[in-house]
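The values are calculated or read from the model by the stated rules, or taken from the named source; none is laboratory data. Small disclaimer: the values here were computed from a predicted structure and weren't measured. Don't worry about glycine lacking a Cβ; one is built from the backbone with ideal geometry, like all the others, and counts go over all protein chains shown. Just the protein is used for accessible areas: all its heavy atoms, side chains included, with ligands, DNA and RNA removed. Shrake-Rupley method; radii C 1.70, N 1.55, O 1.52, S 1.80 Å.
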Amino acid sequence: MRFSRTSGIAAIGFAISIVTANLIMAPAGLPLTGAGLAEVNAFFGANGHVVGLGSAFGPVAWVLATVFGAGAVAALWASERERGEAWSLVGFAGLILQNVTFAGIMAARLALARTAPADPAATPGLWAWHDAVFTLNGTFLAIALVGLSVAGLRAKLLRPWEGTLGFAAAVLQFASACMAFLVMKAEGPLGLIGLAGWLIWVVWLVMYGIRLIRLRRA
């Protein structure tokens, strides 16, 4: 199997894994960014098994994201080198950074599931860390979206509307990260900015994966 095809399948698998993790935890009542401590303690105290199951998709997602990023660089690097550019590497760096950042988010959730039933006093610090890292992660998603969208458009791997989709998601994610302090203060409409960007990011991932799968060997 061509590596571009493998990486395209990985991109779609990455999208499926992060959506599945959210479909497991969100219906159970996973608190939104800025949620009160009582709600956080209630959820993590009663749903440790749900958090554990949802977190199991994290390592899978990080492996798939890495394969996707490497495949995108492999497909785009020849044309970029001719132009003296490295946008695909910028995008790959964003993917790696979001992998590391989301590991911190998952770790905070697992820690809350462990401590909330027995020691709620640990919740304020853990939840504040979770919300801060979760919101700031939009920076790295934006880097991945911009880098791989620019590289894909210039190599004609992506159609213009697909690149526009990536840029729109990047703007929303970056705006949410810049307003992290306000987003963290309480649940409200500002949190919807990051959510909208995340939903577009998932669609963009699937479209990028399809393009890599269809890419023919030069």
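Points worth noting:
- Annotation: ILE200 fulfils all but one of (1) over 30 Å from ASN47 (Cα atoms); (2) out of contact with any Ser or Thr (no Cβ under 8 Å at 6 or more places or on another chain); the unmet one is (1).
- Breaking point among (1) open to solvent by 50 Å² or more (accessible area, probe 1.4 Å); (2) part of a helix (DSSP H, G or I), for GLU80: (1)
- Any chance LEU165 is more than 28 Å from TRP129 (Cα to Cα), open to solvent by less than 50 Å² (accessible area, probe 1.4 Å) and touching a helix residue (DSSP H, G or I) at 6+ places or on another chain (Cβ under 7 Å): yes
- All of (1) surrounded by fewer than 20 Cβ atoms within 10 Å (Cβ to Cβ); (2) among the β-branched types (Val, Ile, Thr); (3) under 21 Å from SER17 (Cα atoms); (4) touching a residue at least 40 places away in the same chain (Cβ under 8 Å) hold for VAL100 with one exception: (4).
- Only listed residue being open to solvent by 70 Å² or more (accessible area, probe 1.4 Å), under 20 Å from the mean Cα position of the chain (by Cα), under 16 Å from LEU112 (Cα atoms) and touching a residue at least 24 places away in the same chain (Cβ under 8 Å), chosen from LEU53, LEU89: LEU53
- Condition met for ILE16 (part of a helix (DSSP H, G or I), at pLDDT 95 or above, at negative phi and touching a Gly at 6+ places or on another chain (Cβ under 8 Å)): no
- Residue among VAL60, VAL40 that alone is open to solvent by less than 30 Å² (accessible area, probe 1.4 Å), in contact (Cβ under 8 Å) with a residue 12 or more places away in the chain, within 30 Å of LEU112 (Cα to Cα) and in a helix (DSSP H, G or I): VAL40
- Whichever residue in the range 24-37 is under 25 Å from LYS185 (Cα atoms) and part of a helix (DSSP H, G or I) and, among such residues, is least open to solvent (accessible area, probe 1.4 Å): MET25
- Lone qualifier among ALA142, ALA132, ALA118 - being at negative phi and assigned to a loop (DSSP other than H, G, I, E, B): ALA118
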